[in-house]
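Here's the structure we're looking at; comments come further down.
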Protein chains: 2
Amino acid sequence: MADLNTISSQPQPAGHSPPPREPIWDLIELLFFAYRDFVSDADDALATLGFGRAHHRVLHFVNRNPGVKVADLLEILRITKQSLGRVLKPLVDEGYVVQREGSTDRRQRLLYITQAGAALAMMLARLQTDRISGALAQLGPDAHATARTFLVAMLDADGRADVLRIVERARSGGVSRP
Amino acid sequence: MADLNTISSQPQPAGHSPPPREPIWDLIELLFFAYRDFVSDADDALATLGFGRAHHRVLHFVNRNPGVKVADLLEILRITKQSLGRVLKPLVDEGYVVQREGSTDRRQRLLYITQAGAALAMMLARLQTDRISGALAQLGPDAHATARTFLVAMLDADGRADVLRIVERARSGGVSRP
DNA sequence: GTATTTAGGTCAGCCATATTGACATATTTT
DNA sequence: AAAATATGTCAATATGGCTGACCTAAATAC
């Protein structure tokens, strides 16, 4: 597998700002195909429950950020209140997410995952993790760090700090369970 | 950056089928955010022309596979004839793609990029390539090969050969120009 | 203590991109 | 001549976005 790789990026004449090189066609296409396959695992599992990709995203970030405010979720997902409402409602109605009044600010409807929601989110994360760890296994010893470095560098420079805060925050596990 | 990485995949007790490890939350989330930012470059550029992501995909694969058959494009993109028709028509009408009768099989409408189409496809590929090469620069010496290995390993095992054929085929540059 | 702002919800309508099923036409194959 | 193939198209539907408008309840400002 590793032998059909060094294709594009002909050696650049050193010391120049690189002249209009050839586009990196293979990675452009592979990003498309790989991402499509990556999300298809969860898509298929969710379809059997009548949910879609949008529900998955909400479920995921509520699971990773218990007690998240609606406004924060809108910012993370970069969607509108209306779009969130349409996918959040079924998740609440079917018992995957609950909303609780904020204790200091009672206008807020903080979002928490239920046990059923956590189980579903974990099942979907399993599918994605299996694929990712299979791919990491094809890389060297620092596979996880390398993949992370690459993906972080692919982010918009602007929003990079925000995204890293989200990815980090999710580790500490925001607020308590309801 | 490299020091907050080794989170998941605790050393497995050897000889077991791995017990339910923790999901790789950071890479799951980074794939979402990175892909969103990755496609946003082209999305924004296309929006000014009244095109969307679907048009981009058609434009890209016609550009990379001149003379491609409609049926092949449907297979590559995994969409239906109807969906293709809706995005292909504007591309033809506005002079980015042309259709020519197949020379051996006159039922076929082989798809070719025009000069304007090639220029647009190249401009979009530039945007994506700039982002990718910026990210590769954060990696070690075998950055391109490493990224490719990772992405190929992320593909469905089933379709992997097909995808690799597509990615390879695009290099040789299918048929002639119209 | 009223006025304004904020957090969230909701209604109505629109757009882009996908789907299915049915059918039509031209051409090739059997 | 009949059947299969390549492509196109009509109609209807689903999903997941969007905007604009408007509502309630609660917090904050004056």
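Observations on the structure shown:
- Projecting 7 Å from Cα along the Cα-to-Cβ direction, the label point of B:E75 sits 4.8 nm from its equivalents in the other copies, listed shortest first.
- FRET efficiency for the A:E168 to B:D156 pair, using the beta carbon distance and R₀ = 30 Å, is estimated at 0.45.
- With the simple spin-label model, which puts each label point 7 Å out from Cα in the Cβ direction, the A:R107 to A:E75 separation comes to 1.5 nm.
- With its label point defined 7 Å out from Cα along the Cα-to-Cβ axis, A:G102 lies at 6.2 nm from the matching points of the other copies, in increasing order.
- Projecting 7 Å from Cα along the Cα-to-Cβ direction, the label point of B:E22 sits 4.3 nm from its equivalents in the other copies, listed shortest first.
- Pairwise burial B:A, computed as accessible area of each alone minus the pair, summed, 1.4 Å, Å²: 7100 Å²
- Pair A:T48, B:A116: separation of 7 Å Cα→Cβ label points (nm): 4.9 nm
- Most to least accessible of B:M123, B:M154 (protein chains only, probe 1.4 Å): B:M123, B:M154
- Chain A has one residue whose beta-carbon comes closest to the axis relating it to chain B; that residue and its distance in whole Å are A:Y35, 2.
The values are calculated or read from the model by the stated rules, or taken from the named source; none is laboratory data. Predicted model only: the values in this text are computed from it and were never measured. When we count neighbours, we look across all protein chains shown, and the Cβ atoms used for this are built from the backbone with ideal geometry, even at glycine. What goes into the accessible areas is simple: the full protein's heavy atoms, side chains included, and nothing from ligands, DNA or RNA. Shrake-Rupley method; radii C 1.70, N 1.55, O 1.52, S 1.80 Å.
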